[in-house]
Amino acid sequence: MGRKQVWDQGEVLASAMGLFRRRGYLGASLRDLEEATGMHPGSLYRAFQSKEGLFSAALDAYNEQVVEGRVRVHLRDTQDPVAGIRSFFTSAFDANPGPEPDPGCLLTNTAVESYAVPQATEGVRRGLETIESGFADALTRARAQRLLPADLDVEMSAVQLLTLYQGLLVLVRSGTAPAKLHAITDGALASIGAGRSKTFQQADKSRMRNDDE
């Protein structure tokens, strides 16, 4: 009989995700991974075959747990799809109140250094397609609710929002001031013809109050 597995795969992948987010694929050594996951080298190899295998598994888990979860909450299940697009952007930087710099999005970070781990390219593509599809869904519903222009090109607008969002995540990782990130978000909404609805006016007032405090 084989030895019973004494480690939890979900916990191991969560620990690996956190490390890869902070240091990237190239910056995370095997020793770092051993310390982060609490697994010995032999156990890591038997479970994932290599560092690349663990990275690919962690990226798949990130897509499933983080990317798909955020798309569902902000873009697919929200009652106001335009407000959902705004919150999808702003939650990427308003949700990090701690003193430590934001570790960034594992999907975006991986896209930047994909040359170092080409086997992760498919995972990056799937994640980006998930976000683009979420934008398209929100835009389609917003157009049907007359929150956006009737002639809006949903397919092209979804690609543009994806591009702006990925750029914003890079700026988040570099420590860009929230005020500038909010301005980028406003520009993204303006690019799809979003009006100054009550939802956005309330968001602006709330942000102004926070800036004054």
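The values are calculated or read from the model by the stated rules, or taken from the named source; none is laboratory data. On a predicted model such as this, the values are computed, not experimentally measured, just so you know. Cβ coordinates were reconstructed from backbone atoms using ideal geometry, including for glycine residues, and neighbour counts include every protein chain displayed. Accessible surface is based on the protein model in full, side chains and every heavy atom, while ligands, DNA and RNA are left aside. Shrake-Rupley method; radii C 1.70, N 1.55, O 1.52, S 1.80 Å.
Things worth noting here:
- Here the Debye sum runs over all C-alpha atoms of segment 1-151 as equal scatterers in vacuum, and log10 of I(q)/I(0) at q = 0.09, 0.10, 0.18, 0.20 Å⁻¹ comes out as -0.36, -0.44, -1.06, -1.20.
- Stokes-Einstein, applied to the Kirkwood radius of segment 108-180 over Cα pairs at a viscosity of 1.002 mPa s and 20 °C, places its translational diffusion at 155 µm² s⁻¹.
- Where labels lie 7 Å past Cα in the beta-carbon direction, separation of Ala47 and Ala144 in nm: 4.3 nm
- Rounded to the nearest 0.05, the FRET efficiency derived from the C-beta distance between Ala177 and Val112 at R0 = 30 Å is 0.90.
- The listed residues Arg146, Arg173 rank as Arg146, Arg173 when sorted by accessible area, largest first, using a 1.4 Å probe.
- For the pair Ser29 and Asp151 in one chain, pulling the backbone fully straight at 0.36 nm per residue adds 38.9 nm over the alpha carbon distance.
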